[in-house]
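The values are calculated or read from the model by the stated rules, or taken from the named source; none is laboratory data. What you see is a predicted model; the values in this text were computed from it and never measured. Backbone-built Cβ (ideal geometry, glycine too); neighbour counts: all protein chains shown. These area figures cover heavy atoms from the full protein model, side chains too; ligands, DNA and RNA do not enter into them. Shrake-Rupley method; radii C 1.70, N 1.55, O 1.52, S 1.80 Å.
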Amino acid sequence: MKKDNFIVECEESLPYINDLKLKLKQESDRILNFFELQELKKAKIIKIWTNKEAYQQYLEHYVDTYYDWMCADTYDGNINLLSIEECKKTEAHKNMTLKEMLENITHEFVHACQQEINKDSKNVEWFWEALATNLANPFDHVASMQCEDEELINNFNATPFAYEICYTIGKYLLENYSKEQILEYVKQPEKLRKEAKTIFAAEKIWFNKQYLPLSKIIENKDFVIYGPSDISAISKDILDLITNKKEKILQQFKLDSFRKIQINLFDNQDIFVKFIKSLRWQGTTIPQYCKGTYDNYMVNFCIADMDVKLKISTLSSKIIHECIHIIYNSLSDQRIIWLDEGLAMNLSGEMNDLLDKEALINLIETRIKPMKFPKDLNDLIHGSKFVNDDYNGYPLSYLSVRYLLETKTDEELLQMIKFSEKAKELGPEILSKAINYYQQ
């Protein structure tokens, strides 16, 4: 008789425990077979935690920093899982569903199976997550590896889009490596540590061939530009302009340096949208007004309707606009859209024609004041709650943040960027204060 591979423990009677058991029974043979295991040496205890604070205290014995998204693990050799009810108390999992929880437990069972072969995950957490996401809870989108190799190797939990990146690396491995090669890495993590950067380099080439229909045009230590061949003649001018602007932006954010940023320039709106959708959840909608994004911490911009040769400075400002989003979101604990967009518009130079006081007053009188704008700028959300028949969130954000740049110290502004609650406090009154300030 085949023994059970898990035992579920929970201090409370939860209505979905039987669902959890059934899910693992349905998936366990498939996952065991992948690792060429008949069964686990010893049944894993699956502990469902019903107190988020207690789970956090337990987890802090194993991780340097606790993050809001952490809800399951196998650090102690068993499987620990935060209950749905407790997950919903976090910002990261406030909309947690039973389906997601069942996929999470399957994800952890993949880790448990890998532990049976070799428990050594030091500096190869990315590989463990590459297998678990592909075998248990695959994403419906991909991610380009825009982080430095060392970030993913040495600081996995703090790396933006880490799980999406690992899923995509795992997809590459499963499509291009034999099962024997992959299991060899499972058995010999030291071999994997030696070859990780080679894998990353090959995966980046594969990703671009699979998903990015552009060619590399030019690069320096700060940027790499991909685009159609006909922008080659002006690419150096673009690169020089954005490189010069980047230094001033870093000073504003009090940063000495920032990683190299990839810029993707599309000359076809449909291809631009298709690429963006490959980086986002299925079913996502792209606003009609969208010409640029910072998805996956890349600058993605459509130049289809722009005479680039005549407007190099304009394009450069728009590229820097998206770069500012990347830097802002790498520092902030939560994006505040009016603050992020306002910073991008003010610091990129795209609105320099409004530096003239008379032009700014004209903007307020003819464009902003006639709008039926929301009382609280925190309500601005990209899509129909950002640009609609009643208001346009861009000038509202621009004016509000220009006011902050002129009345707050750089350190005060940096605190608002890093700690979103400080910015949220200003949302209900910032626009009216800005209007009054400039109309004095």
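Just the residues that are part of a helix (DSSP H, G or I), over 17 Å from the mean Cα position of the chain (by Cα) and surrounded by fewer than 22 Cβ atoms within 10 Å (Cβ to Cβ), please, taken from region 263-304.
Quick first cut of region 263-304, residues part of a helix (DSSP H, G or I) only: 269-278, 295-297.
Restricting the remaining residues to those that are over 17 Å from the mean Cα position of the chain (by Cα) gives 269-274.
If the condition is that a residue be part of a helix (DSSP H, G or I), over 17 Å from the mean Cα position of the chain (by Cα) and surrounded by fewer than 22 Cβ atoms within 10 Å (Cβ to Cβ), then GLN269, ASP270, ILE271, VAL273, LYS274 are the ones that fit.
So, in region 9-58, exactly how many residues are open to solvent by less than 90 Å² (accessible area, probe 1.4 Å), part of a loop (DSSP other than H, G, I, E, B) and of a type in the set (Asp, Glu)? So the answer is 1.
Scanning region 96-118 for residues that are touching a residue at least 40 places away in the same chain (Cβ under 8 Å) and open to solvent by 40 Å² or more (accessible area, probe 1.4 Å) turns up LEU98, ILE117, ASN118.
Whether a residue is crowded, with 20+ Cβ neighbours inside 10 Å, touching a helix residue (DSSP H, G or I) at 6+ places or on another chain (Cβ under 9 Å) and either aliphatic (A, V, I, L, M) or in contact (Cβ under 8 Å) with a residue 24 or more places away in the chain (or both) was assessed, and HIS141 does not pass this test.
Looking at region 152-164, which of its residues are touching a helix residue (DSSP H, G or I) at 6+ places or on another chain (Cβ under 7 Å) and either assigned to a helix (DSSP H, G or I) or of a type in the set (D, E, K, R) (or both)?
Taking region 152-164 and keeping what is touching a helix residue (DSSP H, G or I) at 6+ places or on another chain (Cβ under 7 Å), we get 152-153, 156, 159-163.
Scanning region 152-164 gives LEU152, ILE153, PHE156, ALA162, TYR163.
Considering only residues of region 119-132 that are without any contact (Cβ under 8 Å) to a residue 60 or more places away in the chain and either of a type in the set (Lys, Arg) or surrounded by fewer than 23 Cβ atoms within 10 Å (Cβ to Cβ) (or both), which is nearest to ASP76 (Cα to Cα)? Top of the filtered list is LYS119. Considering (1) open to solvent by 40 Å² or more (accessible area, probe 1.4 Å); (2) out of contact with any strand residue (DSSP E or B) (no Cβ under 9 Å at 6 or more places or on another chain); (3) outside any loop (DSSP other than H, G, I, E, B); (4) closer than 30 Å to PRO228 by Cα, the lone condition that GLU358 does not fulfil carries the number (4). Working only within region 69-78, note down all residues that are in a loop (DSSP other than H, G, I, E, B), surrounded by 15 or more Cβ atoms within 10 Å (Cβ to Cβ) and among the acidic types (Asp, Glu). Listed by number, the list is empty, since nothing qualifies. In summary, HIS325 fulfils each of the numbered conditions (1) within 24 Å of ILE286 (Cα to Cα); (2) open to solvent by 30 Å² or more (accessible area, probe 1.4 Å) with the single exception of condition (2).
Tell me yes or no: at least one residue of region 319-329 is more than 18 Å from GLY349 (Cα to Cα), without any contact (Cβ under 8 Å) to a residue 24 or more places away in the chain and not β-branched (Val, Ile, Thr).
Taking region 319-329 first, the residues more than 18 Å from GLY349 (Cα to Cα) are 329.
Cutting the leftovers down to without any contact (Cβ under 8 Å) to a residue 24 or more places away in the chain gives us none.
Scanning region 319-329, I find no residue that is more than 18 Å from GLY349 (Cα to Cα), without any contact (Cβ under 8 Å) to a residue 24 or more places away in the chain and not β-branched (Val, Ile, Thr), so the answer is no.
For the list (1) in a loop (DSSP other than H, G, I, E, B); (2) more than 18 Å from ASN157 (Cα to Cα), I need the number of the one condition that GLU86 fails. Only one criterion is unmet by GLU86, namely (1). Taken over region 420-440, the residue count meeting the criterion of being surrounded by 14 or more Cβ atoms within 10 Å (Cβ to Cβ) and not in a helix (DSSP H, G or I) is 3.
Under the condition of being under 14 Å from GLY342 (Cα atoms) and either of a type outside the set (A, V, I, L, M) or at pLDDT 95 or above (or both), the residues counted in region 381-398 number 9.
When restricted to residues that are surrounded by fewer than 22 Cβ atoms within 10 Å (Cβ to Cβ) and assigned to a helix (DSSP H, G or I), region 305-317 contains 7.
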